1. Compute the Rg to Rh ratio over the range 77-117 from the alpha carbon atoms, using the Kirkwood formula for Rh, and round to two decimal places.
2. Amide H neighbours of residue 79 under 5 Å, counting only residues 5+ apart in sequence or on other chains, H built in-plane at 1.01 Å?
3. Going highest first, how would you order 39-46, 140-147 by mean Cβ packing within 10 Å?
4. Applying the Karplus parametrisation 6.51 cos²θ - 1.76 cosθ + 1.60 with θ = phi - 60° to the phi angles of the range 146-158, what ³J(HN,Hα) value in whole Hz is obtained for each residue in order, glycine and proline being reported as x?
5. Could you give the nm distance between label points at residue 65 and residue 126, where each point is 7 Å from its Cα heading toward the beta carbon?
6. Would you mind getting the Kirkwood hydrodynamic radius of the range 65-160 from its Cα pairs, rounded to one decimal in Å?
7. So how much slack lies between residue 53 and residue 103, counting 0.36 nm per residue of separation and subtracting their Cα-Cα distance, in nm?
8. Could you list which residues have their amide H under 5 Å from that of residue 113, counting only those 5 or more apart in sequence or on another chain, with H placed in the peptide plane?
Amino acid sequence: VYYLRGLIYFFKMAISNNPRMLIIGAGVIGCLYGYRLIEAGYSVTFLAKGERINQLRAEGLKLYNIKAKKKEKLEKVSVIEHLHPDDCYDYIFIALRRDNLSSIYPILASNNSRCFVFMANNPYGSKEYQQHFPLEKVAMAFPGAAGVIKNGVVHYTIVNSFMQPTTVGS
């Protein structure tokens, strides 16, 4: 749970009501952090494509904690395939690899959501994001987790918090 504390503190400090959140990218990082946010009581929607959206709609969200040898599952999750300009969220988490980011920039630029949280260890920092969005709309997050998806199940591990704690900030 220690890796989630910073994320939850970020939301409590930012707004007091239950924020609407969208997670773009239903890979390991997007699913793991989305699952933890749902577990903490937040309203979360996933934007997914292709086979992954079909898996989430049919089977829900399935995770396996490698260290604890524990299965976790949500039978139903909110999933969309497209983000429209009038779809408004308090926070949009972008959990995509850097080589997939350019395809999402025009979609985010036309959207009126409050804050875009980029969840990646980008060696170039936030300068790339600031070229596309106002500084006050951009936050960075550095996930402290790793894993792989096998047969629709997210197999994950949490990195030692001394090595890479999950960090969120502007």
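All of the numbers you see were taken from the coordinates with simple rules; none came from a lab. Note that the structure is a prediction, hence the values are computed from the model and not measured. Virtual Cβ from ideal backbone geometry, glycine too; neighbours counted across all protein chains shown.
1. On the way: Rg = 10.3 Å, Rh = 10.9 Å.
That ratio is 0.94, to two decimals.
2. The list, which skips near neighbours in sequence, is 46.
3. Values: 39-46: 16.9, 140-147: 18.8.
Highest to lowest by the protection proxy: 140-147, 39-46.
4. For the range 146-158, the Karplus curve yields 8, x, 8, 9, 10, 6, x, 9, 7, 8, 9, 9, 8 Hz.
5. 3.1
6. Working: mean 1/r = 0.0650 Å⁻¹.
Averaging 1/r across every pair of different Cα atoms and inverting gives 15.4 Å.
7. Numbers: separation 50, 0.36 × 50 = 18.00 nm, distance 1.79 nm.
Going from the current span to full extension adds 16.2 nm.
8. Those lying under 5 Å, H to H, from residue 113 are 89.
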